[in-house]
Amino acid sequence: MKTTIVIGRDSKNGKPGDIPIRRDVFFAKSKSEAYLYHIENSRIDSYIIYPGDFSDQDLESMIAHIHYLNEIITIIIYKPEIENTKLFEDKKNVKLVGREEDISGILKTLPEIHRDNSRVRWPLAVNYWETAKPKEKYHAIVLSISSSGCFMQVKEKNDLEIDDMLSMTFSFKDFDFYSEGSIVRLKITENQIIDGVGVKFSHTSPQTKKCIQEIINEKILVELMETLELEHRE
């Protein structure tokens, strides 16, 4: 029997909306309890989230964590409690509802689920150099990455400037991949030392995009496990 996980609503208040009879509902008291139940049960196909005190950032991270566990999970958010609904309207497999009675209609149309997990190592290391100065190479740690760019925490002193072109070799699993891009942001410390560099990729091959997506998946996994560990301690 398919199962829906509910976050932000006490079971004493009953099932949300007119939930179909042939469906189990698990009321999670915390994010970590929801994730653990999800990991241990293969019939999860949906979440219902009542935002309550969750910030937009909390909701965005929850969506990322849930879709890491299963990317086709449907997440239903009860939107009267959300001020900025535009942040979630374009997200894949996320449904905003204004009435609880709309929930059952969504649940009745959900497809069979399939798990799709990937695991890679994190954090990601990168060697970079100014494209015009290939002999002066530096090392950095990638703090965030997408198919359009990345932000790196740099270690060595350098004289980088906005619009400089960088060449980068990312260490990924058992091989490296290469990319180029222009600097669009510099993070400067109080001592006027460059601490971080934001780069916009000039070209990203399909294989590189695939690698980057797996890296993003692993970063989400790290955040998810930190959530489990933190809430378990509390």
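The values are calculated or read from the model by the stated rules, or taken from the named source; none is laboratory data. This is a predicted model, so every value here is computed, not measured. Counting neighbours? That spans all protein chains shown, and the Cβs are built from the backbone with ideal geometry, glycine included.
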* Selection count where residues are touching a Phe, Trp or Tyr at 6+ places or on another chain (Cβ under 8 Å), in a strand (DSSP E or B) and closer than 23 Å to I188 by Cβ, scope segment 140-177 -> 12
* Structure fact -> Requiring at least 2 residues that are modelled with pLDDT of 85 or more, the helices (runs of 4 or more DSSP H) wholly within segment 1-120 are 31-40, 56-69, 103-107
